[in-house]
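The values are calculated or read from the model by the stated rules, or taken from the named source; none is laboratory data. Being a predicted model, the structure only gives us computed values, none of them experimental. A quick note on method: Cβ atoms are made from the backbone with ideal geometry, for glycine too, and the neighbour counts reach across all protein chains shown.
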Amino acid sequence: MSEKKVNEKKVKEALDESSKKAEEMLKDKKGLDDFIKNLEDNLDRYPKLGAVIEDVKTMIAMIKSYINKEYTQIPIASILAILGALIYLVNPFDLIPDVIPIIGQVDDIAVIALALKACQVDIENYRKWAAEQAAAKSANEQA
């Protein structure tokens with residue numbers, strides 16, 4: 001498969017499939033908590049994320065805030081797409097198996113990019129909310 005291009009249709013199908021897995025994962029809080037913790041602990045294993053690493057960290061924080069019911073003003077479709085992209089990221093046997101050096105992570109980045117594009121407004125809204133929360137916490141600590 002390394003000879004084939006990762007096309008947008010296949011990337012969309014991969015994200016849709018992972019979003020279905022995300023829907024199931026949302027029903028298992030302990031499993032979801034474990035998944036998120038494992039992803040956070042091993043994020044350095046994905047060096048090819050490069051420029052989108054901060055976006056991935058935001059995606060993880062958003063999912064955590066959502067499952068902890070701290071931030072819920074986001075459509076469930078966006079949560080499923082974001083969590084689906086994160087699930088896809090850790091799956092070593094996806095469109096292009098991750099064991100294939102360099103090229104094996106191209107599809108991971110494509111799926112993350114598609115989720116970022118689809119949920120751009122929701123991610124920006126979350127970033128604003130998170131910044132407001134941090135500012136309020138800082139103000140409370142100084143008071």
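Out of region 7-24, which residues are of a type in the set (Lys, Arg) and over 19 Å from residue 35 (Cβ atoms)?
Selection gives 9, 10, 12.
Condition check: closer than 25 Å to residue 11 by Cα, at pLDDT 85 or above and not polar (S, T, N, Q). Does residue 103 satisfy that?
No.
Residue 136 passes all but one of (1) small (Gly, Ala, Ser); (2) more than 25 Å from residue 11 (Cα to Cα); (3) modelled with pLDDT of 90 or more; which number fails?
For residue 136, the exception is condition (3).
Find the residue count for region 34-77, including only residues that are in a loop (DSSP other than H, G, I, E, B) and surrounded by fewer than 18 Cβ atoms within 10 Å (Cβ to Cβ).
Qualifying residue count for the region: 7.
Among the residues of region 1-33, which ones are surrounded by fewer than 12 Cβ atoms within 10 Å (Cβ to Cβ) and either part of a helix (DSSP H, G or I) or at pLDDT 90 or above (or both)?
8, 9, 24, 27, 28, 29, 30
Which one of these is modelled with pLDDT under 90, surrounded by 17 or more Cβ atoms within 10 Å (Cβ to Cβ) and not β-branched (Val, Ile, Thr): 80, 95, 86?
That would be 95, the only listed residue that is modelled with pLDDT under 90, surrounded by 17 or more Cβ atoms within 10 Å (Cβ to Cβ) and not β-branched (Val, Ile, Thr).
Here are some conditions: (1) out of contact with any Leu (no Cβ under 8 Å at 6 or more places or on another chain); (2) farther than 16 Å from residue 113 by Cβ. Residue 54 meets all but one. Which one does it not meet?
(2)
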